[in-house]
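Written below as structure tokens is the structure these notes are about.
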Amino acid sequence: MLNFITWTADPILLDTSFFDLRWYSLMFLVGFLGGYKIIEKIFKREGAPESWLGSLLIYVMLGTIIGARLGHVFFYEWDQYSQDPIAIFKVWEGGLASHGGTIGVVLAVILFSKYTAHRNVLWTLDRLAIAVAMVAGLIRLGNLFNHEIYGHVTDVPWAFCFIDNIRAWQTGAEPIFTAPSHPTQIYEALCYFALFGLMMWLYWKKNAQERQGLLLGIFFTWVFGSRFLIEFVKNNQVAWEDSMTLNMGQWLSVPFVLIGITLIIYALKRPRIALEYPNKFPDENNNKKK
């Protein structure tokens, strides 16, 4: 008889009279703080202004949340939200789409590059992609704690039985477990953490950033290529996807994979860009005085 994993983790890490700290929120927070430190180290290595860090963080946070929310609204449940537009703003009720979040971040970085950095947008996206790979893995772990976004029923020995009535269980009801299912949150998290490790190695050991667009191309190809494959064992987000040969997540992944492959080819065909690595932030006060 197979022994499956019964997953009984509570989505709420800390319950106080003032607020609930959820694992999902903690993963978001750790991801953004960790990503900030990674970009800080990269900016310092390349002599980019320290003042850019705060601006980039704000742009990326807004792009992620707004893009992910609107992605879910328009890609998956527009029929529902078109009847109640106010519900679009109720982010706390759930409903975020990673493809929308990616689009939101790209648009945010375009604005950052135009109004703050005044550099080619690929310069920022190449470096930001390293941190985003880590954040994406942490968010999927947050989904695991939320007992959501899991896969098809399976008899593999690492299958998870999730709590299907999670909200009722949190208020005292007996748990109702799903059939043993693919823990697709873990599959995705492992893919993203592996990508994070690869990109850190490519940046720090191979100076892959000297081929503009290469890191971003690898990010798009790896993230959305793995997402495309994992979707085959993952439950659809909305019922109308059941009639599709490829679900919405797969169709949305295809353009990103194609863009990623194009960027990789573009980067490898062009000569390396000679970069300097002063390993310190410029003195912006002195620059202003001049």
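The values are calculated or read from the model by the stated rules, or taken from the named source; none is laboratory data. The model shown is predicted, which means the values in this text are computed figures rather than measured ones. Every residue, glycine among them, receives a Cβ derived from its backbone with ideal geometry; neighbour counts consider all protein chains shown. Just so you know, the surface numbers come from the protein's heavy atoms only, side chains and all, with ligands and any DNA or RNA stripped out. Shrake-Rupley method; radii C 1.70, N 1.55, O 1.52, S 1.80 Å.
If I take R0 = 22 Å and measure r between the Cβ atoms of residue 3 and residue 152 in this structure, what FRET efficiency does the formula 1/(1 + (r/R0)^6) give, to the nearest 0.05?
Efficiency for this residue pair is about 0.70.
Between residue 251 and residue 36, with labels modelled 7 Å along Cα→Cβ, what's the label distance in nm to one decimal, could you check?
It works out to 3.9 nm between the two label points.
What whole-number volume per residue, in cubic angstrom, does the convex hull of the C-alpha atoms of segment 22-71 give?
About 71 Å³ per residue, rounded to a whole number.
Over all Cα pairs of segment 133-290, how is the pair count split among 5 Å bins, expressed in % and running from 0 up to the last occupied bin?
With a bin width of 5 Å, the distribution comes to 2, 8, 12, 15, 15, 12, 10, 8, 6, 5, 4, 2, 1, 0.
Once both axes come from the Cα atoms, what is the angle between helix 98-112 and the longest principal axis of the chain, in degrees from 0 to 90, rounded to 10?
20 degrees
Largest first and in whole Å, give the semi-axes of segment 132-212's equivalent ellipsoid, each being the square root of 5 times a Cα gyration tensor eigenvalue.
Output for segment 132-212: semi-axes of 35, 14, 7 Å.
Can you pull the percent of segment 127-194's accessible area that's carbon plus sulfur, 1.4 Å probe, other chains left in place?
It is 67 percent, rounded to a whole number.
Could you look at segment 7-121 and say what percent of its accessible area is carbon and sulfur, using a 1.4 Å probe and all protein chains?
It is 67 percent, rounded to a whole number.
Can you tell me the accessible area per residue over the chain, all protein chains present, probe 1.4 angstrom, in square angstrom?
Counting only protein heavy atoms, the per-residue value for the chain is 53 Å².
Between residue 270 and residue 91, what is the label-to-label distance in nm when each label sits 7 Å out along the Cα-to-Cβ direction?
3.3 nm
Counting Lys +1, Arg +1, Asp -1, Glu -1, what net charge surrounds residue 235 among other residues with beta carbon under 15 Å of its beta carbon?
Around residue 235, the surrounding residues sum to -3.
What order, most packed first, do the peptides 84-96, 190-202 have when packing is the mean number of other Cβ atoms within 10 Å of each residue?
For the peptides 84-96, 190-202, the packing ranking is 190-202, 84-96.
What FRET efficiency do you get for residue 280 and residue 114 if R0 is 35 Å and r is their Cβ-Cβ distance, rounded to the nearest 0.05?
Rounded to the nearest 0.05, the efficiency is 0.85.
What per residue convex hull volume, in Å³, comes out for segment 209-290 when only alpha-carbon positions are used?
166 Å³
Which FRET efficiency, nearest 0.05, do residue 84 and residue 236 yield, Cβ-Cβ r, R0 22 Å?
Efficiency, from the Cβ-Cβ distance: 0.50.
For q = 0.10, 0.17 Å⁻¹, what log10 I(q)/I(0) does segment 1-156 give under the Debye formula with an equal point scatterer on each alpha carbon and no solvent?
-0.46, -1.08
Among 271-284, 212-225, 138-151, how do they line up from the highest to the lowest mean number of other beta-carbon atoms within 10 Å?
Going from most to least packed, we get 212-225, 138-151, 271-284.
Could you work out Rg/(2.2 N^0.38 Å) for the chain, with Rg from alpha carbons only?
1.09
For the chain, what is the percent of antiparallel DSSP beta bridges, rounded to the nearest 5?
Around 80 percent antiparallel, to the nearest 5.
Taking the alpha-carbon centroid of each part, what is the distance from segment 115-168 to segment 186-208 in angstrom?
First find each Cα centre; the distance between them is then 14 Å.
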